[in-house]
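See below for the structure under consideration.
The values are calculated or read from the model by the stated rules, or taken from the named source; none is laboratory data. Note that the coordinates shown come from a computational prediction; the quantities given were computed from them, not determined experimentally. We place every Cβ from the backbone using ideal geometry, glycine too, and count neighbours over all the protein chains shown. Heavy atoms of the whole protein, side chains included, go into the accessibility calculation; ligands, DNA and RNA do not. Shrake-Rupley method; radii C 1.70, N 1.55, O 1.52, S 1.80 Å.
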There are 2 protein chains.
Amino acid sequence: MADRAIKPPGESYVRDSIYATYWLETAFPLADAAAAMAGEQSSGTFLPVPGESEALKARSAAVVERINELNTVSQPSLPGAAVPKGEPPVWRQAEVVLSWPIANMGASLPNLLATIAGNLFELRQFSGLRLLDITLPEPFTRVYPGPAFGIGGTRVLAGVKDRPLIGTIIKPSVGLGPEETAATVRQLIDGGIDFIKDDELQADGPHCPFDDRVRAVMREINNHADRTGRKVMYAFNLTGEVDEMWRRHDLLLETGATCAMVSLHSVGLSGFTALRRHAQMPIHAHRNGWGLFARSPHFGISYVAWQKLWRLAGADHMHVNGLGNKFCETDDSVITSARACLIPLAEDKPCLVMPVFSSGQTAWQASATYEALGSTDLIYCCGGGIIGHPDGIEAGVHSVRDAWAAAIAGAPLEDYAKTRPELARALEAFGQ
Amino acid sequence: MADRAIKPPGESYVRDSIYATYWLETAFPLADAAAAMAGEQSSGTFLPVPGESEALKARSAAVVERINELNTVSQPSLPGAAVPKGEPPVWRQAEVVLSWPIANMGASLPNLLATIAGNLFELRQFSGLRLLDITLPEPFTRVYPGPAFGIGGTRVLAGVKDRPLIGTIIKPSVGLGPEETAATVRQLIDGGIDFIKDDELQADGPHCPFDDRVRAVMREINNHADRTGRKVMYAFNLTGEVDEMWRRHDLLLETGATCAMVSLHSVGLSGFTALRRHAQMPIHAHRNGWGLFARSPHFGISYVAWQKLWRLAGADHMHVNGLGNKFCETDDSVITSARACLIPLAEDKPCLVMPVFSSGQTAWQASATYEALGSTDLIYCCGGGIIGHPDGIEAGVHSVRDAWAAAIAGAPLEDYAKTRPELARALEAFGQ
């Protein structure tokens with residue numbers, strides 16, 4: 001791969017290549033299936049056409065860089081794929097790397113998507129297909145901004161060093177009015193919370209209009225900041241049409257808010273970039289709908305590949321689910337995702353982002369999370385795990401802060417809880 | 001369902017509901033699994049929280065409207081789901097209808113997505129989950145514009161009545177320069193083509209910059225229109241960031257182009273709406289990446305549900321694949337999708353769009369397409385099936401026009417081909 005990934009001196013950028021690694025399963029010879037995919041996603045189609053000259057192919061055809069056969073299975077993972085005529089079929093699984101010259105589409109993330117994750121997912125040759133990873137050439141890191149705040153900027157704004165941001169999600173997710181939300185926020189602040197976010201279901205409905213919610217919540221946050229110098233970071237969900245997001249962002253700026261949350265699948269890459277270019281605060285990237293890409297082990301897009309797109313586009317915080325979550329994802333997969341957020345994208349543009357742990361999180365998972373991630377650069381969000389604490393919201397915050405203090409100190413959680421009744425109550429109430 | 005779908009006289013719009021129908025599979029009792037999904041997607045979370053009052057639930061909780069058990073299976077369709085403790089599990093499949101008050105999120109398509117197609121796809125209760133259909137209350141049709149041109153406007157601009165628009169995709173998909181593209185366009189025009197589109201892989205790369213391509217292609221199209229009064233519709237792929245799409249659209253307007261193509265998954269709902277609100281020509285909606293939602297029969301989103309979002313947002317043409325296509329989709333599924341595009345969304349806002357048949361299409365599929373769809377309101381796109389015709393591009397266009405004339409006349413294709421050598425050659429070359 002390296003020979004095309006590294007730009008030779010004096011070469012123009014059109015020789016730079018995009019690399020994508022896929023896991024695939026096919027009953028056809030691997031080389032044929034990979035070639036069909038490369039053709040479909042570049043200059044080929046289902047039959048030869050006159051303009052497809054050797055010169056054109058040389059400048060535009062996707063290249064099958066590598067095929068590693070992994071395994072064979074006697075049943076296809078997904079129904080509906082074609083099989084070759086003749087012999088009873090055997091399905092081969094392989095890891096395949098394709099490359100494309102960036103000249104095919106230019107340094108455009110929306111257009112990149114059509115190339116690396118477009119029609120290929122419907123090709124009849126495949127009974128399984130997952131995009132595992134991507135490597136983008138330098139023009140992409142030149143054109144796209146990456147996060148404006150990232151880990152360091154988030155820590156400065158939230159006033160938190162050397163430990164995770166302890167966060168929560170307003171619960172119930174929907175139904176509270178602006179003043180009820182503000183009352184919950186007040187209790188969270190009193191408890192010492194670092195970070196609060198809207199649920200992704202909370203938007204701008206008539207029960208809890210965005211503007212009223214922002215004004216009521218920021219009144220509490222600003223009052224506290226005025227008294228103590230510490231401003232809690234609240235990620236307001238401004239997901240909407242582009243003009244709505246811009247207007248909502250400006251209200252956040254006006255009221256002194258320090259974080260904007262957006263649902264990535266709802267707004268898309270172009271909607272996101274329109275927000276990013278306008279934004280003057282960290283963007284908290286929610287991945288709801290992610291299951292569509294991840295729920296089948298034989299199909300879709302890996303988080304490792306996917307998060308690169310949004311980091312480059314400018315997300316500051318990326319959701320990664322959590323250990324022992326309420327969803328289907330395994331702990332290994334969660335940690336792989338979170339670690340990916342902390343690996344530089346490029347030497348001159350690392351685009352590091354805060355992984356956001358969320359979904360069924362309580363005091364229980366702090367130590368295991370710290371141990372597995374090996375970093376405190378994360379946002380640890382407990383919704384029910386704080387707001388549902390039997391002794392109330394403040395006790396909920398304390399329990400999670402204590403659990404993280406124990407984790408960082410390397411102290412066994414149950415020992416630590418002996419002298420900390422709010423932590424003890426949390427461990428009892430949320431026992432696993 | 002109807003009691004909440006129809007607005008009682010005098011009620012404000014906050015009582016209106018969104019309905020979504022899911023196919024699901026679970027090892028848990030159906031009522032419990034459906035309730036968990038309704039909770040997760042509205043006011044509930046994984047444990048009770050203090051603010052979740054009866055009054056709040058009454059105004060905000062999603063309602064399980066209906067559960068129809070369909071089937072039981074002895075193996076889960078997808079791995080990774082939880083099973084209840086105790087007895088060996090049985091997986092039940094069912095159709096379930098949920099409803100939400102629109103007040104939860106307001107009439108916003110991006111926020112609707114987080115509710116109907118968000119975290120629920122990751123819930124551990126389900127070993128299969130597909131969003132089958134949605135019904136949106138009136139505020140959505142009031143807020144969103146729908147197609148500005150639709151079927152009638154497209155026909156006027158393309159000058160085509162009483163038959164499908166015969167279309168093609170420039171092939172090779174990528175690699176041709178602007179003048180090479182224009183030369184192909186000239187041959188297509190001479191052959192009598194109605195509609196041409198960029199391949200979705202063709203964007204704004206250095207080999208074929210958008211502006212140069214538009215100017216070269218429109219020179220040919222305008223020359224022909226000046227001579228004959230007939231302007232071929234060319235859908236230029238303007239997919240990109242919002243500001244790029246606006247600028248590209250304005251160039252299209254300036255050069256007299258009559259159609260803008262966009263990749264829906266690349267730009268997202270918010271990106272799309274930003275284009276729609278600016279656009280003064282039909283928007284050709286490409287669905288590349290659709291396989292992510294459709295490839296597993298046990299998971300994802302049905303086209304019937306999905307196309308409603310984009311029609312409401314303002315697409316004029318929607319891709320539906322084609323009969324006997326090069327992908328995995330069955331003909332039945334293709335026709336269900338195409339028919340859906342021709343069913344009114346609402347009485348006062350039908351939002352009808354042209355279904356676009358594309359992927360491995362040639363003269364062969366015309367009759368079967370017409371018979372199955374029962375309408376000529378479609379765009380029939382043959383890429384290789386026109387540009388790969390053994391006697392050249394003009395012969396390719398003629399073969400497809402003849403095939404459609406035969407279909408509409410109800411004449412058997414092979415009989416019709418006896419006096420039409422270009423059709424005969426196409427049938428021979430693309431024989432199935």
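Output the residues belonging to region B:249-273 that are more than 7 Å from chain A (Cβ to nearest Cβ), open to solvent by 10 Å² or more (accessible area, probe 1.4 Å) and not aliphatic (A, V, I, L, M). Result: B:ASP250, B:GLU254, B:THR255, B:GLY256, B:THR258.
A quick yes/no check of all residues on (1) open to solvent by 20 Å² or more (accessible area, probe 1.4 Å); (2) acidic (Asp, Glu); (3) at pLDDT below 95:
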{"position": "A:ALA346", "(1), (2), (3)": "yes, no, yes"}
{"position": "A:LEU378", "(1), (2), (3)": "no, no, no"}
{"position": "A:GLY383", "(1), (2), (3)": "no, no, yes"}
{"position": "A:GLU414", "(1), (2), (3)": "yes, yes, yes"}
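Scanning region B:204-219 for residues that are open to solvent by 20 Å² or more (accessible area, probe 1.4 Å) and either more than 25 Å from the chain's Cα centre (by Cα) or not assigned by TED's automatic domain parsing to the domain that holds B:GLN187 (or both) yields B:PRO206, B:HIS207, B:PRO209, B:ASP211, B:ASP212, B:ARG215, B:ARG219. Going through A:GLY300, A:GLY322, A:GLY360 one at a time, which residue ends up being facing chain B (nearest Cβ under 10 Å), open to solvent by less than 10 Å² (accessible area, probe 1.4 Å) and not in a helix (DSSP H, G or I)? After applying the criteria, what remains is A:GLY300. Is it true that some residue in region B:48-59 is open to solvent by less than 70 Å² (accessible area, probe 1.4 Å) and more than 9 Å from every other protein chain (Cβ to nearest Cβ)? There is no residue in region B:48-59 that is open to solvent by less than 70 Å² (accessible area, probe 1.4 Å) and more than 9 Å from every other protein chain (Cβ to nearest Cβ).
Scanning region A:119-146 for residues that are over 24 Å from B:VAL320 (Cα atoms), of a type outside the set (Asp, Glu) and assigned to a strand (DSSP E or B) yields A:LEU132, A:ILE134, A:THR135. Within region B:138-151, the only residue that satisfies the criterion of being open to solvent by 50 Å² or more (accessible area, probe 1.4 Å) and among the small types (Gly, Ala, Ser) is B:ALA148. What number of residues within region A:111-132 are out of contact with any Gly (no Cβ under 6 Å at 6 or more places or on another chain) and buried (at least 21 other Cβ atoms within 10 Å of the Cβ)? Residues meeting the conditions: 15. If the condition is being farther than 27 Å from A:GLU241 by Cα and either touching a Gly at 6+ places or on another chain (Cβ under 6 Å) or open to solvent by 40 Å² or more (accessible area, probe 1.4 Å) (or both), then region A:174-193 contributes A:ARG186, A:GLN187, A:ASP190.
Residues that are in contact with a strand residue (DSSP E or B) (Cβ under 7 Å, 6 or more places away or on another chain) and either farther than 23 Å from B:VAL242 by Cα or open to solvent by 10 Å² or more (accessible area, probe 1.4 Å) (or both) were ranked within region A:274-285; the one that is nearest to the other protein chains (Cβ to nearest Cβ) is A:ARG276.
Kindly establish whether A:LEU352 is modelled with pLDDT of 95 or more and either farther than 23 Å from A:VAL156 by Cα or open to solvent by 40 Å² or more (accessible area, probe 1.4 Å) (or both). When the stated conditions are applied, A:LEU352 passes them.
So for region B:163-171 (the condition being of a type in the set (S, T, N, Q), over 22 Å from B:VAL397 (Cβ atoms) and open to solvent by less than 10 Å² (accessible area, probe 1.4 Å)), does at least one residue qualify? No, because not a single residue in region B:163-171 is of a type in the set (S, T, N, Q), over 22 Å from B:VAL397 (Cβ atoms) and open to solvent by less than 10 Å² (accessible area, probe 1.4 Å).
Determine, yes or no, whether B:HIS317 is touching a residue at least 12 places away in the same chain (Cβ under 8 Å), in contact with a strand residue (DSSP E or B) (Cβ under 6 Å, 6 or more places away or on another chain) and more than 14 Å from chain A (Cβ to nearest Cβ). Here the answer is yes, as B:HIS317 does meet what is asked. B:ARG66 meets each of the listed conditions (1) without any contact (Cβ under 8 Å) to a residue 12 or more places away in the chain; (2) open to solvent by 60 Å² or more (accessible area, probe 1.4 Å) apart from (1). For the residues A:THR135, A:THR154, the requirement of being more than 9 Å from every other protein chain (Cβ to nearest Cβ), polar (S, T, N, Q), touching a residue at least 24 places away in the same chain (Cβ under 8 Å) and crowded, with 22+ Cβ neighbours inside 10 Å singles out A:THR154.
Taking (1) within 30 Å of B:ASP212 (Cβ to Cβ); (2) within 12 Å of chain A (Cβ to nearest Cβ) in turn, B:PHE327 satisfies each apart from (1). A:GLY289 meets the conditions (1) over 20 Å from B:VAL242 (Cβ atoms); (2) more than 8 Å from chain B (Cβ to nearest Cβ) in every case but one. The failed one is (2).
Kindly indicate whether A:ASP199 is open to solvent by 40 Å² or more (accessible area, probe 1.4 Å) and touching a residue at least 24 places away in the same chain (Cβ under 8 Å). Against the criterion (open to solvent by 40 Å² or more (accessible area, probe 1.4 Å) and touching a residue at least 24 places away in the same chain (Cβ under 8 Å)), A:ASP199 does not qualify.
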